[in-house]
1. Of the numbered conditions (1) open to solvent by less than 80 Å² (accessible area, probe 1.4 Å); (2) charged (D, E, K, R); (3) not in a helix (DSSP H, G or I), residue 33 satisfies every one except a single condition; which is it?
2. Which residue, of 79, 43, is of a type in the set (A, V, I, L, M) and more than 30 Å from residue 100 (Cβ to Cβ)?
3. Can you name the number of the only condition in (1) at pLDDT 90 or above; (2) open to solvent by 80 Å² or more (accessible area, probe 1.4 Å); (3) of a type outside the set (A, V, I, L, M) that residue 88 fails?
4. Identify the single condition in (1) modelled with pLDDT under 85; (2) open to solvent by less than 70 Å² (accessible area, probe 1.4 Å); (3) outside any helix (DSSP H, G or I) that residue 94 does not satisfy, given that it satisfies every other one.
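The values are calculated or read from the model by the stated rules, or taken from the named source; none is laboratory data. Please read these numbers as outputs of a predicted model, since none were measured by experiment. Note that each Cβ is placed from the backbone with ideal geometry, even for glycine, and that neighbours are counted across all protein chains shown. Surface accessibility is based on the protein's heavy atoms, side chains included, excluding ligands, DNA and RNA. Shrake-Rupley method; radii C 1.70, N 1.55, O 1.52, S 1.80 Å.
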Amino acid sequence: MNSWDLVGMVETTTQEQCRDLGNLLLELADQPRDAKWKAFISMTRSQMETPEQRTIASAIEAGNRRVEAASDALRADGMDHRTLIEAELARRGDGRTFEHFRNSIGAISSNVA
């Protein structure tokens, strides 16, 4: 790896990641390249996420944000879970209440407020 590669890598980091990387490099710069140093490098690398994990985590987080935004918009329009189920029961001519329907499908209920 040369300076060009390092700058390219830093280009994709946040300020905090860049600062952490800089501190790590400064810490390692003066240490002798012995077995202890290699063990520290191995331990540090094992604690870091792999690019694949970062990609999967980013995709999951982005998906969660999309679902949350869509759910918030539906709730703002009065389309929460309970309302949708009650509307579907009425459409089908099913006289059950939301609670009765939920209990009949084995849903877990709680008295926690």
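1. (1)
2. None of the others qualify; the one that does is 43.
3. Failed condition: (2).
4. With (1) modelled with pLDDT under 85; (2) open to solvent by less than 70 Å² (accessible area, probe 1.4 Å); (3) outside any helix (DSSP H, G or I) applied to residue 94, the lone miss is (1).
Residue-by-condition table, conditions (1) assigned to a helix (DSSP H, G or I); (2) open to solvent by less than 90 Å² (accessible area, probe 1.4 Å); (3) closer than 30 Å to residue 81 by Cα; (4) modelled with pLDDT of 85 or more:
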site: 4; (1), (2), (3), (4): yes, no, no, no
site: 10; (1), (2), (3), (4): yes, yes, no, no
site: 16; (1), (2), (3), (4): yes, no, no, yes
site: 25; (1), (2), (3), (4): yes, yes, no, yes
site: 45; (1), (2), (3), (4): yes, no, no, no
site: 49; (1), (2), (3), (4): no, no, no, no
site: 53; (1), (2), (3), (4): yes, no, no, no
site: 59; (1), (2), (3), (4): yes, yes, yes, no
